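Engineer: Sharing a structure with you now.
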Amino acid sequence: MQVDAIIIGAGQAGPAIGTTLAKEGARVVILEGDRLGGTCLNYGCRPTKALRASARVAHLARRGAEFGVKTGKVEVDFATVMARKDDMIGGMQQSLDDAMHDMKNIEVIYEYAHFLGTENGLHRVQAGDRVLEAPEVYINTGARAVIPPIDGLDNVPYVTNEGLLALKELPSHLVIIGGGYIGLEFGQMFRRFGSEVTIIEGKPHVASREDDDIVEAIESILLDEGIRLFTGHKVKSVAPGYDDQIELTLLEGEARAVVRGSHLLVATGRRPNSDKLNLEAVGVKTNERGYIVTNDRYETNVPGIWALGDVNGRGAFTHTSYQDYEIFVANRKGGDRSANERYTTYAMFIDPPLGRVGMSERQARESGRNVLKAVVPMESVSRAILDSETKGLIKVLVDADTEQILGAAALGMQGDDVIAIFSNFMYTGASYKVMRDALPIHPTVAEFIPTLLNRLRPLD
């Protein structure tokens, strides 16, 4: 069957592109082997934030006495927590399904797809027992969890983020391999639900891509909540233990340690879903990590094939995937936007959250620029004091010569929203003095941005 466009994978960019093309009159087929909406809607951002909200309520309830509120013993009904999440996500899934199926000129086929080849300018794709061909193909297949080669791992019932979101009973002891963002977010959530939590990270610290002061604050937050951290430890082997437990043998240099838990989450990174597309059949190039190589307009090396979202390695976030779509559509309509123009920005949704944009302090030092830095601890922020949320800090880095903001980090209450102020401002290219001289609202966390910028000093 010949159509105008084929979309392989229905993450955050795919359905949006399909809708745009269909409204232009193109006949579009969307091929999705799982669920519309990708990782974000089904196994990532949204379901985890629904759980995070429940975990935060439980945490605040336990702190009630600090605010003069008597709550009594706080108990978490895990089944209700999960049902709340399922109801919310189910509604969002159904809404997206309905929108795509009701859209004129779009057909959705729930099958995994792969390329067969290219003939006469038409790219041939197989999905189940159907063969489709089109002059335009958009790849939006995302990424999946990396499973490390640990001895014995296949002999125990470990879970990834997908499996953890499907649990019916609260783990008595959740052991997590991986001290990155997924591991830390889940670890804190389940600790607040009532699980014992142990996080194992092979590098010297968790959240290792962050600066030392940020890492120190994150580890302090987690330790204060009773989470055990084994950093600098390599998992040598995994095996079934007594009483249906899972036993992990750890190495720290020559020293050994044993950790046992009821459940094991593997959160050691993500890999692109490019390996099953048979890209060789059409000649699409990937890099050494499997990410599809594109230019700044998401074009692959093969005319008529684009790659958007996590699979292109230009960002592993919902917002980068959706902006891939926005940039693509703007250029399709005659614009001149580039993926290279954006500043990388993201949040880690522990509580309090970490928001980050642009360069880290480490990167700024390595850049050779004349850099200014300023830091404000959250314990100095009036709103944080009033809300008894004084953990964390806000940091900004500025190029002393151009006066442009190079990067910022906000670990603390509302840090995810505060960093968006920096991100949006950085895109203007204006001097930091414009932001410094703006009028803030009191009492907010963001009101300390002018104070922060007034404290800029050269890097030590």
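Engineer: What's the magnitude of the charge dipole for region 386-451 around its Cα centre, counting Lys and Arg as +1 and Asp and Glu as -1 at the beta-carbon? Answer in Debye, nearest 20.
Structural biologist: Rounded to the nearest 20 debye, it is 80 debye.
Engineer: Placing unit charges on C-beta atoms (Lys and Arg positive, Asp and Glu negative, everything else neutral), compute the dipole magnitude of region 302-380 about its Cα centre in debye, rounded to 20.
Structural biologist: 260
Engineer: In whole Å, what is the distance between the alpha-carbon centres of region 381-460 and region 303-365?
Structural biologist: 21
Engineer: Right, here's the next one. What residues from region 1-27 fall in the zone where the backbone N is under 15 Å from a label point 7 Å along the Cα-to-C-beta line of residue 333?
Structural biologist: The answer is 16-25, whose backbone nitrogens lie closer than 15 Å to the label point.
Engineer: Of the options 106, 184, 148, report the single residue whose Cα projects farthest towards the positive end of the charge dipole of the chain (beta-carbon charges: Lys, Arg +1; Asp, Glu -1).
Structural biologist: Positive-most Cα among the choices belongs to 184.
Engineer: Please compute the contact order of the chain in relative form: average sequence separation of alpha-carbon pairs under 8 Å and at least six residues apart, divided by the residue count, as a percent.
Structural biologist: Rounded, it is 13 percent for the chain.
Engineer: On a full-extension model of 0.36 nm per residue, what is the gain between residue 224 and residue 459, subtracting their alpha-carbon distance, rounded to one decimal in nm?
Structural biologist: That works out to 81.6 nm of additional length.
Engineer: Also, quick follow-up: Please give the residues of region 331-357, grouped as numeric ranges, whose backbone N is less than 17 Å from a label point set 7 Å along the Cα-to-Cβ vector of residue 363.
Structural biologist: 339-348, 354-357
Engineer: To make sure I understand, if each residue's beta carbon is the centre and we count other beta carbons within 10 Å, what order do 350, 305 fall in, fewest to most?
Structural biologist: In order of increasing Cβ crowding within 10 Å: 350, 305.
Engineer: Using the count of nearby Cβ atoms within 10 Å as a rough guide to exposure, how do 221, 177, 147 rank from fewest to most?
Structural biologist: 147, 221, 177
Engineer: Let me ask something additional. Rounded to the nearest 20 Debye, what is the dipole magnitude of the chain about its Cα centre when Lys and Arg each give +1 and Asp and Glu each give -1 at the C-beta?
Structural biologist: For this selection, approximately 560 debye.
Engineer: At residue 169 and residue 442, where each label point lies 7 Å from the Cα along Cα→Cβ, what is the point-to-point distance in nanometres?
Structural biologist: The modelled label-to-label distance comes out at 5.5 nm.
Engineer: Could you give the length gained on full extension between residue 341 and residue 296, defined as 0.36 nm per residue of separation minus the Cα-Cα distance, in nm?
Structural biologist: 15.3 nm
Engineer: With just the Cα atoms of region 118-216, tell me how far they stretch along each of the three principal axes, in Å, largest first.
Structural biologist: 58, 36, 29
Engineer: Alpha carbon centre of region 99-126 versus region 1-35: separation in Å?
Structural biologist: After rounding, the separation between the Cα centres reads 7 Å.
Engineer: Work the Kirkwood hydrodynamic radius out for region 345-458: mean of 1/r over every pair of different alpha-carbon atoms, inverted, in Å.
Structural biologist: Result for region 345-458, one decimal place: 13.9 Å.
Engineer: Next question. For region 29-138: lysine pairs with Cα atoms under 27 Å, gap of 8 or more or different chains, count?
Structural biologist: Lysine pairs meeting both conditions in region 29-138 amount to 4.
Engineer: Also: Compare the Cα positions of 12, 241, 292 along the charge dipole of the chain (+1 at Cβ of Lys, Arg; -1 at Cβ of Asp, Glu; about the Cα centre) and return the one farthest towards the positive end.
Structural biologist: 12
Engineer: Next question, about the same structure. Place a point 7 Å from the Cα of residue 26 along the Cα-to-Cβ direction; which residues of region 284-324 have their backbone N under 12 Å from it?
Structural biologist: Only 304-307 fall inside the zone, counting backbone N under 12 Å.
Engineer: Would you mind ranking 442, 114, 123, 173 by Cβ crowding within 10 Å, fewest neighbours first?
Structural biologist: The fewest-first ordering by Cβ neighbours comes to 442, 114, 173, 123.
Engineer: Between region 137-197 and region 220-297, how far is it from one alpha carbon centroid to the other, in angstrom?
Structural biologist: Each part reduced to its Cα centre gives a spacing of 9 Å.
Engineer: Ok, one more. Can you tell me what share of the DSSP beta bridges in the chain is antiparallel? A percent to the nearest 5 is fine.
Structural biologist: 65
Engineer: Rounded to two decimals, what is Rg over Rh for region 184-266 when you use alpha-carbon atoms and the Kirkwood radius?
Structural biologist: 0.98
Engineer: Counting only DSSP beta bridges with both residues in region 153-268, what percent are antiparallel, rounded to the nearest 5?
Structural biologist: If I count the DSSP bridges inside region 153-268, around 50 percent turn out antiparallel.
Engineer: Which lysines have a Cα less than 17 Å from the Cα of residue 234, not counting those fewer than 8 places away in the same chain?
Structural biologist: In chain and number order, the partners are 203.
All of the numbers you see were taken from the coordinates with simple rules; none came from a lab. A quick note: this is a predicted structure, and the numbers were derived from the prediction, not measured. We place every Cβ from the backbone using ideal geometry, glycine too, and count neighbours over all the protein chains shown.
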